[in-house]
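The values are calculated or read from the model by the stated rules, or taken from the named source; none is laboratory data. This one's a predicted model, so the numbers in the text were calculated from it and none came from an experiment. So basically every Cβ, Gly included, is an ideal-geometry build from the backbone, and we count neighbours across all protein chains shown.
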């Protein structure tokens with residue numbers, strides 16, 4: 001494996017995070033509206049699920065302690081921004097599922113999806129294109 005690829009891989013391992021269900025809901029709003037106040041997040045979440053302001057604010061404060069969010073204070077206003085990207089959060093969630101269900105192996109997961117979840121012709125075509133694109137990229141790196 002080329003040195004640059006190892007560094008990339010190590011960086012990915014470090015960047016992966018795992019979020020709780022409540023943290024996911026909050027992060028989706030923050031990614032979309034950052035910087036934003038806890039009230040904005042609570043109002044947005046209230047459209048689909050009734051969440052008290054105090055619950056949302058407490059969760060967001062804990063997320064700051066965990067390094068997921070940061071606060072910018074402007075007088076009495078606290079604006080939250082994300083410290084993690086949506087890609088890193090998805091990567092963490094994916095790795096957690098992959099490890100639990102497939103012992104960390106990607107090929108058995110893909111086989112399971114194809115055999116038990118089924119692929120439409122369009123999805124199969126998209127998957128082939130992704131594989132071909134990756135193969136071309138790998139050849140180029142050699």
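When the range 17-45 is examined, which residues are found to be touching a residue at least 60 places away in the same chain (Cβ under 8 Å) and part of a loop (DSSP other than H, G, I, E, B)?
Across the range 17-45, the qualifying residues are 17, 18, 19.
Wholly within the range 46-142, which helices (runs of 4 or more DSSP H) include no fewer than the required count, namely at least 1 residues that are closer than 16 Å to residue 17 by Cβ?
53-65, 86-102
May I ask you to verify whether residue 69 is at negative phi, in contact with a helix residue (DSSP H, G or I) (Cβ under 8 Å, 6 or more places away or on another chain) and surrounded by fewer than 13 Cβ atoms within 10 Å (Cβ to Cβ)?
Considered against the rule, which asks whether it is at negative phi, in contact with a helix residue (DSSP H, G or I) (Cβ under 8 Å, 6 or more places away or on another chain) and surrounded by fewer than 13 Cβ atoms within 10 Å (Cβ to Cβ), residue 69 comes out as no.
How many residues are surrounded by 13 or more Cβ atoms within 10 Å (Cβ to Cβ) and under 18 Å from residue 28 (Cβ atoms) when one looks only at the range 87-108?
Qualifying residue count, the range 87-108: 8.
Which numbered condition trips up residue 90, out of (1) in the same structural domain as residue 64 (by TED's automatic domain parsing); (2) in contact with a helix residue (DSSP H, G or I) (Cβ under 6 Å, 6 or more places away or on another chain)?
The single condition residue 90 does not satisfy is (2).
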